[in-house]
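**Q** Quick one: the structure is below, and I'll ask about it shortly.
Every number here is computed from the coordinates shown, using simple stated rules; none is lab data. Being a predicted model, the structure only gives us computed values, none of them experimental. FYI the Cβ positions are ideal-geometry reconstructions off the backbone, even for glycines, and counts take in every protein chain you see.
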Amino acid sequence: MKAVGIILAGGKNERLGALSAIRATSAMPVGSCYRAIDFPLSNMTNSGINKVAVITQYNSRSLHDHLSSPKWWDLGSKQGGLFILSPYLTNENSLWYRDTADSIYQNLTFLKRSNEPYVVISSGDCVYKMDYNEVIAYHERKGAEVTIAYRRVPDSDEIRQYGVIELDENERVTDLEEKPLDPQSDLASIGVYVMSRTLLIELVETIVRQGRYDLVRDLFARYRKRLKIYGYRFDGFWRNLNNVHAYFDCNMEFLRRDVRSLFMGTFPYIKTKPKDEPPAKYNAGAVVNNCLVGSGAILNGNANRSIIFRKVYTGENSQVNNAIIMEGTRIGNNAIIENAIVDKEVEIRDGAQIRGSVEMPLIISKSSKIG
Amino acid sequence: MRKKEMIAMLLAGGQGSRLGVLTTAKAKPAVSFGGKYRVIDFPMSNCINSGVDTVGVVTQYQPLQLNQHIGIGIPWDLDRRLGGVTILAPYLKSEQGEWYTGTANAIYQNMEYIDGYNPDYVLILSGDHIYKMNYAKMLDFHKQNKCDVSIAALEVPWEEASRFGLMNVHEDNRIHEFEEKPPQPKSNLANMGIYIFNWQVLRDALERDSKIHNNSDFGMHVLPMLLEEGARMYAYPFSGYWKDVGTIESYWMANMDLVKTVPEFNLYEDFDKIYTDADHQPPIYTGPNAVVQGSLLSEGCEVLGSVYNSVLGTGVIVEAGAEVRDSIIMQDCYIGANSNLNRVIADTNCSVGDDVVIGEGENTPNADKPNIYNTGITVLGENTTIPDRVIIGKNCVVCGHTYPFNYQDGKLESGQSIIRDHHMKGGE
């Protein structure tokens, strides 16, 4: 095996509001049956990486629940495995992870006990499909010490949320700024890095000793001139789930045939924890158009341009328009839901109405009862 | 020594010849059911839901798809270090090689496997029925009554009783007589083919019967012999959904039971789920002009056309303008634009071209196999392809890659068949 994987899934994002108040962003439900982490995790195993650490911290219960067995991603082997690394107390240390680099530092044993030459690091909350072998091959071809995958982001507001890189004509990184006020280029890091395992150990030990804890700011940016850092251009589908709009739009993009085809129709597929729900049931009065529907759903009403997760029930004459309805939510007869994100296991009683606006979908928190 | 209180032996070797072309390339337990399942998923899931974690699956007829489906038992949590699922195919022995010649003979030939777990009880199951049952409760009944053998029994309607193997019982459910499909039934307690034996009783009976009958069978030989000898045999009363899917018509009916608004057989409970091999479970998409009513759609389906009163397997595509009605369309089938399917069973991976009509015409029984195809249902075998713009009647069978010239004047009349090599996929 050429590489071990690390997925950084500890983060929270206040811009997702009530949706991430109860879960890590890596556990955000996507596309009727996935969670965000399924994408990097499947990318890992689909690239032949069979030893993957998932670093969790913030609100990790739903993530741990989702990752209850390594089997579903084919990670249940003796030579590999799925390592879920949460902060823990020791005699010397009673700290949470102080940031990304620190979270790797506190789990250096995982890297030290491996013998694979490379580490692939990915964030846990981005929706994309990538063959990391190609990044590793590029990394070797360039003789790079660090490779950072990037994409072009023309929107000058959007790019301020990312790490912005500048490249020379050989694709070598000449500058790197995290979330800059005045971006100097339109090239954004997508949070996927390849580097040598031993170099990562060495650098992380060095910076943490100096009281620096952030992987991008304190390591890559600070060492940008000293290390040979190269950019790997990725033009495929990539979406960040870092605010309500991005989350809503990314889900709706699964209504496009090409997006479904990429993730679900083209081998290797994105894997998720199976829930063994029966087929979705469309009863006699159901009118379901331009919708994605998860298994185990029972539909009696109308639905249009919506993402309906597993085990959702819709009552007779109910209307669901331009909405995301998460797993296990129950919608009563004659209820109306428009421009909304309805979290899991919500009960919307008969005749209740939930209306957000096209500009701002209304969020209904998990397990609430409406009407 | 290793020890399991009860292990299950699942008889999955039968062809199910009355299912016609559906069982040409696979055994009956491997036939798809209810969209995403296969028939064997029901007894397999019942086992794990009842705490039976050691299952020997006895295969013989066309086992490849069954073996692939079961694998090492992951979908049913039957991948165990001790126990779990084991496929038991017939094999050569030092003196002679032998096929399984009867239901009891198949168990007789696998006594060594059973002995390896040193069980007190052996549960005998078949892979032919759709039902949910808790075998642990049946075992409790077995122990309470100090049975040698207990047999699950279902009260069937009196008018249908003569189609079943029946059991006549005393008030305490102790069996005193077996009757096989009697014209004048004395009881309506049908034998469901689910048995719990004390292993030592069964072991001894199998050894003795194998010396008498070389096609040793439970219903015909072993059970009557034990009854004759005075063994304590009890009927375990079961009530609930239980359907045989042995014929094209009963197979179609049992699938259609599931699409009713409130089905008699509930797959949507949170516990005692039915598990199947489906690790890739993408969602379903229904397009802007799709109409889907009274139907079950499995994961990965894409419907742009119309689907009424039908069951669709995983990954089925129904193109725009197509209409599927009263049909069972199995995994990975493709229905081309503007095609019209009425009462069709399409086995896995069929491809129907554009502007095709299937199921139109007189209800003429199939000319070659009138006893199998006679209820107006047209069946497409695995990997069948149908060219654009042909018309196919009722009770037809089409199997394999077909070309326009296979259809005289672009038509296949009701009751006619086109059978080509079903293993041919795509062109030749």
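**Q** Take peptide B:294-305, look around each residue's Cβ out to 10 angstrom, count Cβ atoms belonging to other protein chains, and average those counts.
**A** Neighbouring Cβ atoms belonging to other protein chains average 5 per residue here.
**Q** Around B:Asn105, with a cut-off of 11 angstrom between Cβ atoms, what is the net charge of the other residues, counting Lys and Arg +1 and Asp and Glu -1?
**A** With Lys, Arg at +1 and Asp, Glu at -1, the net is -3.
**Q** Averaging over every viewing direction, what projected area does the convex hull of the Cα atoms of chain B cover, in nm²?
**A** Its average projected convex-hull area is 22.4 nm².
**Q** Further question: Note down the relative contact order for region A:110-190 as a percent, whole number, built from C-alpha pairs under 8 angstrom at least six residues apart.
**A** Over region A:110-190, the number comes to 27 percent.
**Q** Could you run the Karplus curve 6.51 cos²θ - 1.76 cosθ + 1.60 with θ = phi - 60° over region A:214-219 and give me ³J(HN,Hα) per residue in whole Hz, x for Gly and Pro?
**A** 9, 5, 7, 5, 8, 10
**Q** Now for a separate question. Any idea what angle helix A:197-209 forms with the longest principal axis of chain A, computed on alpha-carbon atoms, 0 to 90 degrees, nearest 10?
**A** Helix A:197-209 sits at roughly 90 degrees to that axis.
**Q** Can you compute the helix-only [θ] at 222 nm over chain B? Use -39500 (n - 2.57) per DSSP H run of at least 4 residues, normalise by all residues, nearest 500 deg cm²/dmol.
**A** -4500 deg cm²/dmol
**Q** Residues of A:293-300, mean number of Cβ from any other protein chain within 10 Å of their own Cβ, rounded to a whole number?
**A** 5
**Q** Also, quick follow-up: Once phi is turned into θ = phi - 60°, what whole-Hz ³J(HN,Hα) does the Karplus curve with 6.51, -1.76 and 1.60 give for every residue of region B:252-267, x standing for Gly and Pro?
**A** Working through the residues one at a time gives 5, 4, 5, 5, 5, 3, 6, 8, 4, 4, 10, x, 5, 9, 9, 8 Hz.
**Q** HN-Hα J couplings of region A:326-341 from phi, Karplus 6.51/-1.76/1.60, θ = phi - 60°, integer Hz, Gly and Pro as x?
**A** Whole-Hz 3J(HN,Hα) from phi for region A:326-341: 7, 3, x, 6, 10, 10, x, 4, 6, 6, 10, 10, 9, 6, 9, 10.
**Q** Another question about this same structure. Net charge within 15 Å of A:Gly81 by Cβ-Cβ distance, Lys/Arg positive one each and Asp/Glu negative one each, not counting A:Gly81 itself?
**A** +2
**Q** Between the DSSP loop rule and a limit of at most 13 other Cβ atoms within 10 Å, which GluC sites (Glu not before Pro) in region B:244-306 are left?
**A** Here the GluC sites (Glu not before Pro) that fit, given the DSSP loop and packing criteria, are B:Glu264, B:Glu269.
**Q** Going by how many other beta carbons lie within 10 Å of each one, how would you line up B:Arg38, A:Arg226, A:Arg151, fewest first?
**A** By the 10 Å Cβ count, ascending, the order reads A:Arg226, A:Arg151, B:Arg38.
**Q** Sticking with this structure for a sec: Taking H placed 1.01 Å from N in the peptide plane, check which residues at least 5 places from B:Ser339 or on another chain put their amide H under 5 Å from its amide H.
**A** B:Ala322, B:Glu323, B:Asp355, B:Val356
**Q** Let me ask something else about it. Classify region A:3-92 as rounded, prolate or oblate, taking a ≥ b ≥ c as the square roots of the eigenvalues of its Cα gyration tensor: rounded when a/c is under 1.5, otherwise prolate if a/b is larger than b/c and oblate if not.
**A** oblate
**Q** Let me ask something else. Nearest 500 deg cm²/dmol is fine: what mean residue ellipticity at 222 nm does chain A get from its DSSP H runs of n ≥ 4 alone, each adding -39,500 (n - 2.57), divided by its residue count?
**A** -5000 deg cm²/dmol
**Q** Determine the shielding of peptide B:69-76 by partner chains: average, over its residues, the number of Cβ atoms on other chains within 10 angstrom of each Cβ.
**A** What the average comes to for B:69-76 is 1.
**Q** At most 13 other Cβ atoms within 10 Å and a DSSP loop assignment: could you name the chymotrypsin sites (Phe, Trp or Tyr not before Pro) in region B:28-117 that fit?
**A** Hits after loop and neighbour filter: B:Tyr91, B:Trp99.
**Q** Still on this structure, I have one more. Averaging sequence separations of C-alpha pairs under 8 Å and six or more residues apart, then dividing by the length of chain B, give the relative contact order as a whole percent.
**A** About 12 percent, as a whole number.
**Q** Here's a follow-up. Filter the GluC sites (Glu not before Pro) in region A:342-371 down to the DSSP loop ones having no more than 16 other Cβ atoms within 10 Å, then list what survives.
**A** A:Glu345, A:Glu359
**Q** Mind jotting down the distance between the C-alpha centroids of region B:117-150 and region B:274-309, whole Å?
**A** So the two Cα centres are separated by 36 Å.
**Q** Under the 0.36 nm per residue contour assumption, what length would be gained going from the current alpha-carbon distance of A:Arg98 and A:Ser68 to full extension?
**A** Stretched out fully, the A:Arg98 to A:Ser68 stretch lengthens by 8.2 nm.
**Q** Using modelled amide H (1.01 Å from N, peptide plane; none on Pro or chain starts), what sits under 5 Å from the amide H of A:Ile298, excluding residues fewer than 5 places away?
**A** The list, which skips near neighbours in sequence, is A:Lys281, A:Val312, A:Tyr313, A:Thr314.
**Q** On to the next question. What is the local net charge at B:Ala337, summed over the other residues whose Cβ is closer than 12 Å to its Cβ (Lys, Arg +1; Asp, Glu -1)?
**A** Around B:Ala337, the surrounding residues sum to -4.
**Q** Using only alpha carbon pairs under 8 Å that are at least six residues apart, calculate the relative contact order of region A:45-116 and give it in whole percent.
**A** Once divided by the residue count of region A:45-116, the mean separation gives 34 percent.
**Q** Using alpha carbons only, how many angstrom separate the centre of region B:218-239 from the centre of region A:112-157?
**A** Value for the Cα centre distance between the two parts: 66 Å.
**Q** Decide, for region B:1-94, between rounded, prolate and oblate: order the square roots of the alpha carbon gyration tensor eigenvalues as a ≥ b ≥ c, take rounded if a/c falls under 1.5, and otherwise choose prolate if a/b is larger than b/c, else oblate.
**A** oblate
**Q** Still on this structure: Amide H to amide H under 5 Å from B:Ile345: which residues, 5+ apart in sequence or cross-chain, H placed 1.01 Å off N in plane?
**A** Those lying under 5 Å, H to H, from B:Ile345 are B:Ile328, B:Thr378, B:Val379, B:Leu380.
**Q** Taking 7 Å along the Cα-to-C-beta vector as the label spot, tell me the B:Asn289-B:Ser17 distance in nanometres, rounded to one decimal.
**A** Each label point lies 7 Å from its Cα, and together they span 4.8 nm.
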